[in-house]
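Have a look at the structure below before the remarks.
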Protein chains: 8
Amino acid sequence: MSENKKLVAIIMGSKSDEDIMKGAEDIFKEFGIKYEKIISSAHRMPEKTSKFAKNLKADGFEVVIAGAGKAAHLPGVIASYTTLPVIGVPIKTDDLGGLDSLLSIVQMPAGVPVATVAINGAKNAAILAIQILSLKYLEINKKFEEYKSGLAN
Amino acid sequence: MSENKKLVAIIMGSKSDEDIMKGAEDIFKEFGIKYEKIISSAHRMPEKTSKFAKNLKADGFEVVIAGAGKAAHLPGVIASYTTLPVIGVPIKTDDLGGLDSLLSIVQMPAGVPVATVAINGAKNAAILAIQILSLKYLEINKKFEEYKSGLAN
Amino acid sequence: MSENKKLVAIIMGSKSDEDIMKGAEDIFKEFGIKYEKIISSAHRMPEKTSKFAKNLKADGFEVVIAGAGKAAHLPGVIASYTTLPVIGVPIKTDDLGGLDSLLSIVQMPAGVPVATVAINGAKNAAILAIQILSLKYLEINKKFEEYKSGLAN
Amino acid sequence: MSENKKLVAIIMGSKSDEDIMKGAEDIFKEFGIKYEKIISSAHRMPEKTSKFAKNLKADGFEVVIAGAGKAAHLPGVIASYTTLPVIGVPIKTDDLGGLDSLLSIVQMPAGVPVATVAINGAKNAAILAIQILSLKYLEINKKFEEYKSGLAN
Amino acid sequence: MSENKKLVAIIMGSKSDEDIMKGAEDIFKEFGIKYEKIISSAHRMPEKTSKFAKNLKADGFEVVIAGAGKAAHLPGVIASYTTLPVIGVPIKTDDLGGLDSLLSIVQMPAGVPVATVAINGAKNAAILAIQILSLKYLEINKKFEEYKSGLAN
Amino acid sequence: MSENKKLVAIIMGSKSDEDIMKGAEDIFKEFGIKYEKIISSAHRMPEKTSKFAKNLKADGFEVVIAGAGKAAHLPGVIASYTTLPVIGVPIKTDDLGGLDSLLSIVQMPAGVPVATVAINGAKNAAILAIQILSLKYLEINKKFEEYKSGLAN
Amino acid sequence: MSENKKLVAIIMGSKSDEDIMKGAEDIFKEFGIKYEKIISSAHRMPEKTSKFAKNLKADGFEVVIAGAGKAAHLPGVIASYTTLPVIGVPIKTDDLGGLDSLLSIVQMPAGVPVATVAINGAKNAAILAIQILSLKYLEINKKFEEYKSGLAN
Amino acid sequence: MSENKKLVAIIMGSKSDEDIMKGAEDIFKEFGIKYEKIISSAHRMPEKTSKFAKNLKADGFEVVIAGAGKAAHLPGVIASYTTLPVIGVPIKTDDLGGLDSLLSIVQMPAGVPVATVAINGAKNAAILAIQILSLKYLEINKKFEEYKSGLAN
């Protein structure tokens, strides 16, 4: 059953990203999906981050959401170490509005994709994770079908 | 078994996108994953496109890849009609290099995400689709683990 | 007579666009032109939006104004379903200033144009609608000629 | 009858824009709509351009298409002198890809809109002109409804 | 003598540009150079603007400063009608930061240059005007040499 | 008499800029205005460049044209050392199309303006120089009035 | 010993840059590295700036940090006069967010590099200076190894 | 002595970057500085890359040059694992001209800088490395002083 384990890891590079990434947490709470939140900078804590990334699958996670700003390498670094699908959230920046974060996340080289959502799109990252989990978990799929119908009304 | 049905729909807005989107087809062939290729413009053929999008799940598809250029609405339009995860491929444009395609695909509003990959990143779209399918299909997962190991060597 | 029916449909993707789109309403009130305001997201409510779009002409509308932000597909989606001229208003965004909205609206593919005005240019969208209606309705044309003269003084 | 007079003026700033603007001419020929083509630079020939613009309506034109590149003032200059709807075509530039042309045309101030289409979108400019003329001329409307149906097949 | 007549015309498209353009006025006051300030929109008041532009030389002006924002045609329109050097000041915009104003002013076609300064650079526009006037007026040149020395200390 | 001395210095940072800057030379030849062409990099030859810049006025030059690409400091460096008006020509770049050159030249700080023309706009730089010289030299002014009239025909 | 002399020169073009550049000072204080702070505009005070730059090495400095905004020539001008490594800090701008500063600093021509850090990245400029000094000064290297370990925890 | 060991590691993410990075090799050969060239993708070979990065200092390298394109994480990943100074070379891209590479490299978060040079600026990366090595190695410093003098002539 999908309800008994943490299916999603939400990772962000800095505590300052928490407000934005909360948008994803809210969606998972609404859907009753368990997740783990980790703060680990790809650049300041590369060993911790890579170790965490390598163990993601063995730890039972099925989808990863990674948010980062500026030269936003975190989603790509996670993706380089895991076979799980990684969803990237570009965080808006004060100077360039998040165009830097967006390009740093979405323009990944052949072989290692990151599923990128809109700038500050943490909520949509969670919805995308739910769409992915819906393929396997019928109870999640059922809730998402209801959510989708609800959007239209 | 994942081998007996078409799991992925590859849709593009114009015949001129075929060369780029072939990158996705090549990956699926390499992995022995069946797919269907459809050319249907979101803007010129909205009825055909929306009908197709609405039936994607009933038709047995599990992931959708949509490639489009310029005001690239196709991935978002598909995503508005289906609960399946939609992967968007921004096609490079002659004038703005694909920045227009990228922003038109990635900046989706809350509620309806598109999993965006790099400009002309059709190959990575297929790899992302495989990562998603790997959660459910062990035989695909096995092949992808091998592919991932192969990248490193 | 142009005064007895609603000639213009003003559609926007989200309630948060109302403040900007009010610029168009103000102009129509100044000119005594009736309009209908509709809020319907292209992505969250595709069925409602496409049904509305398909009926625009039968419902007696002659020009459509559509405002949207980010991956701003609404004007293009409307244009795909109607033969009426569609005027698009790119809404300014917090992160990219509206460059995303602008490119998503203006870069339409061959066959389905959207008449795009400036970022947050709802007032000009209404003026453009009035210029279009002036070709057919002499009383609107008369008022617009006066308005134009007034600008110069 | 719409067939007996020139309804559309196609104006461009330079002979070098002719190849792009031919896209509009082709559409008008396909629809049997008469047009006049004028080459007149807003900057090098301001007197000729403004005189031409002021007479557009008296000369019987109903819609204007203006194409220009770089600091593309031509559509806005025409719009400043006429009450007719003006459609602007940003011409692609060698250095900035046409982003300069696009912003110079679309970002018009309140009071004087230009209906902007895609970079190099001369074909769509003609289609937009036809949509506008369709409101008044039933025979054009009929042809356009057929064209629209044809796109979908 | 340069002190007895108005040498510089400062023109701007809108009253809202006055705060920025005051930077130029302050410099001229500091140098004791007479100027005339005119508000005249290129788009809303084309007749007034072109008439003014055509008379600039006959009216005794020697340099023109024109400030404008968005699709900032004013400097180019002035330049199209006068043989005097025209200095353009791109006004910062809320949405695109003034990149639109800058490109609309600086990317002038061959034959009709506008001497463009920085976004909101009204002060520098005045200094450039003074450098130009210094070629002819020794007393201005003397003051400017002092100003230049002063900068370095 | 303006014909007997070199009034304009054309300086460029690299021999590779010669083809573009020739556009300015052609105009000066057409107008019979003498100029001197210098190649001196602001970055590789700062002593030579600053010495040259400091002597420009004493050497009899009245206007300077400086062309440079990428981090295009040459026009600003010249302007920092001379009281003469400096016209900057941003050279198109292979990677960013000249946006880098343009911003590096036009965004000068308060106190030291550079009169910036379009990307690769060497021809217009010469015309601007001629407009400036026309204030002082009647024979140049006369030729320029003729040139301006010629543009319109 | 590295502790007895000023190893780093921190130079900025304007007093308004002090708040940002303080980020570098804080790091040097934390590491006990002496520095000198100089305010000298490349454009307003070229003689002072070039003299200072030429003497940097003789004055005992080993690394230079230069911060500047807009057409940010200061780091490049310093680099043109010294053989010392120059680290450039692009200062965020009100209009273009610092993209102008970044391109003006990083796009240096062949032969004269500037080691560019992030927009407003004064803290990182100091860390980079420390990494460079670590190659030569063992006591700095030791502190930096500790700092690096500290980041990870 | 600096001549007997490899002081610089040149690392790039893909064999396709070799042509650009050769610019750095040429400079090192000219200066007689030994280097090692490594091809190792940050994303496809994260284990190899991180292991290599962690050993850089122990292996005797003193400066690292890393070139990468698109979502160019390689320089930042190297910098996260080593205390050596890392110089980043953004590789030009077909779609966005290298703006993506540049922002992905230069916009590093506080604590982990990358010394970024111009797009495709491999030659300058080598010169910067030589400036850094010159602080410690007198024989390199001597050659560089000669090189610098040579530039000016």
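Some points to look at:
- Criterion violated by B:Ile119 - all others in (1) within 14 Å of chain A (Cβ to nearest Cβ); (2) assigned to a loop (DSSP other than H, G, I, E, B); (3) surrounded by fewer than 23 Cβ atoms within 10 Å (Cβ to Cβ) satisfied: (3)
- Count of the range F:81-95 residues which are more than 22 Å from E:Val63 (Cα to Cα) and either in a helix (DSSP H, G or I) or out of contact with any strand residue (DSSP E or B) (no Cβ under 8 Å at 6 or more places or on another chain) (or both): 3
- Any hit, the range F:104-111, residues being surrounded by fewer than 24 Cβ atoms within 10 Å (Cβ to Cβ) and not charged (D, E, K, R): yes
- Residues (of a type outside the set (Asp, Glu), over 14 Å from D:Leu133 (Cα atoms) and either away from chain E (no Cβ under 14 Å) or assigned to a helix (DSSP H, G or I) (or both)) located in the range D:5-27: D:Ile10, D:Ile11, D:Lys15, D:Ser16, D:Ile20, D:Met21, D:Lys22, D:Gly23, D:Ala24
- Members of the range A:1-44 that are surrounded by fewer than 15 Cβ atoms within 10 Å (Cβ to Cβ) and polar (S, T, N, Q): A:Asn4, A:Ser16
- When E:Glu30 is tested against (1) in a helix (DSSP H, G or I); (2) under 14 Å from the mean Cα position of the chain (by Cα), exactly one condition is not met: (2).
- Residue within the range B:68-80 that is more than 16 Å from the chain's Cα centre (by Cα) and touching a residue at least 24 places away in the same chain (Cβ under 8 Å) present: yes
- Scanning the range A:28-46 for residues that are farther than 15 Å from A:Ile10 by Cβ and at pLDDT 95 or above gives A:Gly32, A:Pro46.
- Checking F:Ala42, F:Ala68 one by one, the residue that is in a strand (DSSP E or B) and either among the aromatic types (Phe, Trp, Tyr) or within 13 Å of chain G (Cβ to nearest Cβ) (or both) is F:Ala68 and no other.
- Some residue of the range B:76-92 being more than 23 Å from A:Val89 (Cβ to Cβ), of a type outside the set (Gly, Ala, Ser) and either touching a Phe, Trp or Tyr at 6+ places or on another chain (Cβ under 7 Å) or surrounded by fewer than 23 Cβ atoms within 10 Å (Cβ to Cβ) (or both): yes
- Counted residues, the range B:3-22 - those being modelled with pLDDT of 95 or more, closer than 16 Å to B:Gly69 by Cα and touching a helix residue (DSSP H, G or I) at 6+ places or on another chain (Cβ under 8 Å): 6
- G:Leu84 vs. criteria under 27 Å from F:Pro46 (Cα atoms), facing chain H (nearest Cβ under 7 Å) and not β-branched (Val, Ile, Thr): yes
- Just one residue in the set G:Val77, G:Val106 is among the β-branched types (Val, Ile, Thr) and out of contact with any strand residue (DSSP E or B) (no Cβ under 7 Å at 6 or more places or on another chain); that residue is G:Val77.
- Only one entry of C:Lys136, C:Lys148, C:Lys142 meets the criterion of being more than 30 Å from A:Leu103 (Cα to Cα), surrounded by fewer than 24 Cβ atoms within 10 Å (Cβ to Cβ) and more than 10 Å from chain D (Cβ to nearest Cβ), and that entry is C:Lys142.
- Test: residue in the range E:62-75 that is at pLDDT 95 or above and closer than 25 Å to G:Ala42 by Cβ: no
- Residues located in the range G:45-57, provided they are under 19 Å from G:Ala126 (Cα atoms) and either among the polar types (S, T, N, Q) or in a loop (DSSP other than H, G, I, E, B) (or both): G:Leu56, G:Lys57
- Given (1) under 16 Å from the mean Cα position of the chain (by Cα); (2) of a type in the set (D, E, K, R); (3) more than 7 Å from chain E (Cβ to nearest Cβ), number of the condition F:Asp100 does not satisfy: (1)
- Qualifying residue in the range A:105-116 (condition: more than 7 Å from every other protein chain (Cβ to nearest Cβ), more than 11 Å from A:Gly13 (Cβ to Cβ) and aliphatic (A, V, I, L, M)): yes
- Of residues in the range D:45-63 being within 14 Å of D:Ile132 (Cβ to Cβ) and within 10 Å of another protein chain (Cβ to nearest Cβ), the one surrounded by the most Cβ atoms within 10 Å (Cβ to Cβ): D:Val63
The values are calculated or read from the model by the stated rules, or taken from the named source; none is laboratory data. Note that the coordinates shown come from a computational prediction; the quantities given were computed from them, not determined experimentally. Don't worry about glycine lacking a Cβ; one is built from the backbone with ideal geometry, like all the others, and counts go over all protein chains shown.
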